[in-house]
1. Length gain on complete extension for the stretch residue 96 to residue 119, per 0.36 nm per residue less the alpha carbon to alpha carbon distance?
2. Please arrange 21, 96, 112 by counting, for each residue, the other beta carbons lying within 10 Å of its beta carbon, fewest first.
3. Quick one: 87, 75, fewest Cβ neighbours within 10 Å first, how do they rank?
4. Which order results if 18, 100 are arranged by neighbouring Cβ count within 10 Å, fewest first?
5. Multiply the residue separation of residue 33 and residue 69 by 0.36 nm, subtract the distance between their alpha-carbon atoms, and state the gained length in nm to one decimal.
């Protein structure tokens, strides 16, 4: 494999695998933006996370939203073989005017999504529609 990312550990390997697939497979055409984040902890090796977006800006309403196939391709790029059910579920409960800007593979293990376009009163109800285990206060 082409060593695009030289960071030790399993998270580094996961990020390098994503970068390699993005460059070589062409299956993630909707992923027009790909970036790396290194979480630094005092004296430790940086822990990488990788983020993928279909090209929509993080601020302001996007010109067009990705369709379900594009989001599935992005999830498959980040976590091959993992169903995109969680992302599909999130997309299905977003309030009008809200959107997912990008999805990340945090520390090479878990998927996370950013949601934009919410007003403060919509955050807690959205989390509970997604069965978030936190309190309702």
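Just so you know, all these numbers are worked out from the coordinates, no wet-lab data involved. Everything numeric in this text was worked out from a predicted model, so none of it was measured. We place every Cβ from the backbone using ideal geometry, glycine too, and count neighbours over all the protein chains shown.
1. 7.2 nm
2. Placing the least packed residue first, the sequence is 96, 112, 21.
3. Placing the least packed residue first, the sequence is 87, 75.
4. In increasing order of surrounding Cβ atoms, one gets 100, 18.
5. Taking 0.36 nm per residue and subtracting the Cα distance, the gain is 11.3 nm.
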